[in-house]
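Heads up: the structure comes next, in structure tokens.
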Amino acid sequence: MFDVGFSELLMVGLVALLVLGPEKLPRAARLAGLWVGKARSVLAVAKAEIKQELAAEEMRQLMQQNIAGEVQKALDDTRSAVDDINFNIQAATETDRNDDKPSSAG
């Protein structure tokens, strides 16, 4: 994230030593470390929550796709069954009509 090298850290340390003095510098360093630790903790929690929400959203989308696919399959199966029933009804009706016709042989 930040490109801070050893020379930059050394310069910040020297400036802090000059500004704060040798008595206050250790306490200031501990306080800075505490705040950095808290900031990292907050960022880690936020990152975990975002990752969890993205995973939940991805699962919702997959479920919706699966549900839509299964509904479409059920609809196709139902249409196929209705078509088969209609075909069988037509075949039975035609058979009945042919049985009711008088035969012209004879």
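The values are calculated or read from the model by the stated rules, or taken from the named source; none is laboratory data. From a predicted model like this one, the values you see are computed outputs, not experimental measurements. For neighbour counting, all protein chains shown are included, and Cβ atoms are generated from backbone atoms with ideal geometry for every residue, glycine included.
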Apart from one, (1) of a type outside the set (A, V, I, L, M, F, W, C); (2) surrounded by 10 or more Cβ atoms within 10 Å (Cβ to Cβ); (3) at pLDDT below 85 all hold for S80; the odd one out is (3)
Checklist line | Test result for A16, touching a residue at least 12 places away in the same chain (Cβ under 8 Å), over 31 Å from the mean Cα position of the chain (by Cα) and in a helix (DSSP H, G or I) | finding: yes
(1) outside any helix (DSSP H, G or I); (2) on the phi > 0 side of the Ramachandran plot all hold for G21 apart from (1)
